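As structure tokens, the structure follows; a few thoughts come after it.
Derivation of every value follows stated rules applied to the coordinates shown; laboratory data play no part. It should be emphasised that the depicted structure is a prediction, and the values quoted were computed from it without experimental measurement. With ideal geometry, Cβ positions are generated from the backbone for all residues, glycine too; neighbour counts draw on all protein chains shown.
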Amino acid sequence: KHLSYKPISTEESSRYPAVLTRAQSELMNYNGLGISVLEMSHRTPDFTHIITSAESLLRELLNIPENYRVLFMQGGGTGQFGAVPLNLMGLKEDRCADYIVTGTWSKKAAKEAEKYGKVNVIHPEADQYTGIPDSSSWPLNPSASYVYYCCNETVHGIEFNFIPDTNGVILVTDMSSNFLSRPVDVSKFGLIFAGAQKNVGSAGVTIVIVREDLLGKAYKECPTILNYAVQAKNNSLENTPPTYSIYIVKLVLEWLKNNGGTDTMNQLNNQKSSMIYDVINSSNGFYLCPVDEACRSRMNIPFRIGNLEGDTVLEQQFLEGASKLGMISLKGHRSVGGIRVSLYNAVTVEETQALAAYMKEFLNKHQ
Ligand code: PMP
């Protein structure tokens, strides 16, 4: 196996993102050990070094206070939809929680939580998600164990650019699709979780940042691998963790640190998303984004072409033309259709410029 391996040449490697070339160069022989991270036991000093480096890089990049634990878990964002209530619903006697539902992912989280306690859905009447209801109108329950929201709704393109005030109730957020896209004041939260696969690495690992004093109150039925206190006590090694995914997280965090950290990402993400929103806003209704301007996501930009329901012929032509230029994954989520531009940290300003130019060209041709 080792003999048939052909690394990409230096010339070729300049076409690949830094993290992938680094992973490739270390794939067969990590750190001179003669084995791959893929082959390594999670109990070895080398893997311990990988996971502790990933944690300390994350602590540095997000300025995570000492009284918070960082956990590397499995089960994705969906796993956390169950883990959050199983661990935190019992924080108060009433076993209830407030869920601010602003799109697909917070709706799913609320539905899962209903299995484990009383869920108060804020503004349950919404059937189309185009904004965040005015926070002064939220009927929050002071005896809730926590208030939950999704910081960036990946499907609907709705992002919170403020941290909700809960009057002292523990705040929990799903940052799966905007984690590390900007600085965040971790101390305002009881818990933040994020699946790695958008901004931090590859699928398989989910990062949980949890305030230490919230640990140890899980329901006794909580599965061991979803129990934050158990994972914290065992440094996320209660069972075999997704070792290679954690290694990739470490590489992405190193890349992030070497490229200006969350301040720079914030600046770039604002710049990139403005380029696309500018084209939409100046298209005289040819491109239509249904989301309120105040909470338009910098990560995911959904829009329709032609009219609010979408001219499916034009949209298909748009996707085909983009694909010919090497721009892929622009199709909107299957539940809403249309187009969706995702501008995660790994997308460059130049790539975004190319897309904006293509959108203008398409507009001129078809308007
Ligand atoms: N939350 C958000 C914001 C998401 O975007 C997703 C997936 N795209 C999930 C949760 C679910 O994550 P997973 O597929 O890892 O379970």
Footprinting proxy, 138, 255: sorted fewest to most Cβ within 10 Å, the residues are 255, 138
The answer for the chain, counting only DSSP H helices whose Cα atoms cover 24 angstrom or more along the axis and whose Kyte-Doolittle average is -0.5 or greater, is 45-62, 349-366
The alpha-carbon center of segment 82-100 and that of segment 222-287 are separated, in whole Å, by 25
Place a point 7 Å from the Cα of residue 271 in the direction of its beta carbon; the residues of segment 338-358 whose amide N falls under 18 Å from it are 343-357
At R0 = 30 Å the Cβ-Cβ FRET efficiency linking residue 365 and residue 329, nearest 0.05, sits at 0.85
Of the listed links 92/115; 188/217; 188/272; 108/331; 198/331, those spanning more than 24 angstrom between alpha carbons are 188/272
When 272, 108 are ranked with the fewest other C-beta atoms within 10 Å first, the list becomes 108, 272
Note on the chain: the mean projected area of its alpha-carbon convex hull, in nm², is 19.8
Exposure-ranked with fewest Cβ neighbours within 10 Å first, 134, 46 stand as 134, 46
